[in-house]
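I am attaching a structure below and will ask some questions about it afterwards.
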Amino acid sequence: MKLINGFSRLNKNEKYDWIAQELGLKNGELKKFLEMFSIKDSTIQNTFDSFSENTIGNFHLPFGVVPNMIINKSVYTLPMVIEESSVVAAVGHTAKFWSSRGGFKAQVISTIKVGHIHFMWKGESHRLKSFFKKVECLLKIELVPFTRSMDKRGGGIVSIALIDRTKDEPNYYQIEMKFETCDAMGANFINTVLEETSKILQTKALEDSGLIGHEKNIDVIMCILSNYTPECLVRSSVECPISELGQIDNFEFSRRFIQAVKIAEIDISRATTHNKGIMNGIDAICLATGNDFRAIESCLHTYACRTGTYRSLTQAKIQDETLFFEITIPLSLGTVGGLTKLHPMAKFSLDLLGRPSSQELMQIVASVGLAQNFAALRALITTGIQKGHMKMHLSNILDSHNIDAVQKESAIEYFSNKMVSVSAVRDFIQSLSLNLPS
């Protein structure tokens, strides 16, 4: 494709025309294709278009539900947005499994989020610390116009601290601010407060009689929230007497299950895949509820290596002949504001969950991650991951071939007790063709 100036200023039809011309498509062909995925209600489609830049259509993902998920004795129907059918099936099977064994028990440990003002300052550190002590109490007062609404909801600024990072980089300091944002994700609130705080600090430094010359210059590099929120923690767990696990050999299953988790604690290669499986469930429900799954992914992977080595996010143990399995993770989620309000399916997802608070959603999401991990580990240490995984993908493989409904039904019946693979499905379809009457 060739370079183009002013693409963002083109209307949607003009964007269609330019892309179609570059792809060598007939006039109107691209528009016809993309409009198959558009929403007929123009108001809703315009809302979708406004979520991003240079939008020319929608990219659809399946919206699935998982009923019968018991968390803290409440029953939930989970919304999950993901293109991998085995994930929804796995969570569904796990939800059913644990529904007769007490369900999931979850609790929020803390809900603190953090942001930083990164700045450079030349001078003796004790003089900056003395200046900060004088203005620390004034900051919250001067920030009231920006925090008033959040304060009324029970949130706001929790603490403000000066961090000396000059051992890592000459003249480098941070103002670390911690926040409670209640049911909001709080990104805009936090970033606004950080930027206003930096302006106040710079002004106060210029006015301070204790600072002289270059010491009055606080060189703010950036103000930004951190997606690493190790003090915004939630825990979910399940437990069951080994004798009631319902396996062919309960004790051997438990031994292998514990060993599988330990391998993910000591081997980084296994830990990466282990935690990716956890994120299959977490991402799916975060997408459905309009939460920022990219920030959540980043935070959880950072948390997984907080000890200096990347490790499993789940832990398991056997105690008093009972299997205990749990996950403790940082989750910064919101149930108000952003896409949770604007995206009609995100709103529907929250309705489906019973309009949870952000803390309740934290408990739900952590439990889904634990459920997905349990399903994956159970498959890995018993039948293997591919048997169930490929059966769920059989329909997708069949759809990639030009066969009719009768042939598809024959294939599903044939593979009901056989291992599924792309080559095996292809061979079976070829055999069907050979057996057709001429």
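Would you pick out the residues in the range 11-34 that are over 21 Å from residue 46 (Cβ atoms) and among the polar types (S, T, N, Q)?
21, 27
Is it the case that residue 302 is polar (S, T, N, Q), in contact (Cβ under 8 Å) with a residue 12 or more places away in the chain, assigned to a loop (DSSP other than H, G, I, E, B) and out of contact with any Leu (no Cβ under 9 Å at 6 or more places or on another chain)?
Against the criterion (polar (S, T, N, Q), in contact (Cβ under 8 Å) with a residue 12 or more places away in the chain, assigned to a loop (DSSP other than H, G, I, E, B) and out of contact with any Leu (no Cβ under 9 Å at 6 or more places or on another chain)), residue 302 does not qualify.
If you check 190, 218, 200, 224, which single one turns out to be under 30 Å from residue 337 (Cβ atoms) and surrounded by 19 or more Cβ atoms within 10 Å (Cβ to Cβ)?
Of 190, 218, 200, 224, the one residue that is under 30 Å from residue 337 (Cβ atoms) and surrounded by 19 or more Cβ atoms within 10 Å (Cβ to Cβ) is 190.
Being in contact with a helix residue (DSSP H, G or I) (Cβ under 6 Å, 6 or more places away or on another chain) and in the same structural domain as residue 367 (by TED's automatic domain parsing) narrows it down to one residue among 270, 255; which is it?
On the way: 255 fails: in contact with a helix residue (DSSP H, G or I) (Cβ under 6 Å, 6 or more places away or on another chain).
Result of the check over 270, 255: 270.
Here's a follow-up. Considering the range 92-126 alone, what residues qualify as being surrounded by 16 or more Cβ atoms within 10 Å (Cβ to Cβ) and at positive phi?
Within the range 92-126, 103, 123 qualify.
Tally the residues that are within 32 Å of the chain's Cα centre (by Cα) and at positive phi, restricting the search to the range 127-173.
Selection size over the range 127-173: 2.
Do the conditions hold for residue 30, that is, is it over 28 Å from residue 377 (Cα atoms), of a type outside the set (Lys, Arg) and assigned to a helix (DSSP H, G or I)?
Numbers: over 28 Å from residue 377 (Cα atoms): yes; of a type outside the set (Lys, Arg): yes; assigned to a helix (DSSP H, G or I): yes.
For residue 30, the condition - over 28 Å from residue 377 (Cα atoms), of a type outside the set (Lys, Arg) and assigned to a helix (DSSP H, G or I) - is met.
Which members of the range 275-299 meet the condition of being touching a His at 6+ places or on another chain (Cβ under 8 Å) and either outside any helix (DSSP H, G or I) or among the small types (Gly, Ala, Ser) (or both)?
Of all residues in the range 275-299, those touching a His at 6+ places or on another chain (Cβ under 8 Å) come to 275, 290.
Of everything in the range 275-299, just one residue is touching a His at 6+ places or on another chain (Cβ under 8 Å) and either outside any helix (DSSP H, G or I) or among the small types (Gly, Ala, Ser) (or both), namely 290.
Let me ask another. Of everything in the range 260-290 that's in contact (Cβ under 8 Å) with a residue 24 or more places away in the chain and polar (S, T, N, Q), which residue is nearest to residue 333 (Cα to Cα)?
Ranking the qualifying residues of the range 260-290, first place goes to 289.
Which of the strands (runs of 3 or more DSSP E) found entirely inside the range 72-155 contain at least 1 residues meeting this: out of contact with any strand residue (DSSP E or B) (no Cβ under 8 Å at 6 or more places or on another chain)?
Details: elements: 74-81, 105-108, 113-120.
Hits in the range 72-155: 74-81.
Follow-up. Taking into account only those residues within the range 212-248 that are modelled with pLDDT under 95 and farther than 25 Å from residue 121 by Cα, which is farthest from the chain's Cα centre (by Cα)?
The residue in question is 248.
The values are calculated or read from the model by the stated rules, or taken from the named source; none is laboratory data. Everything numeric in this text was worked out from a predicted model, so none of it was measured. With ideal geometry, Cβ positions are generated from the backbone for all residues, glycine too; neighbour counts draw on all protein chains shown.
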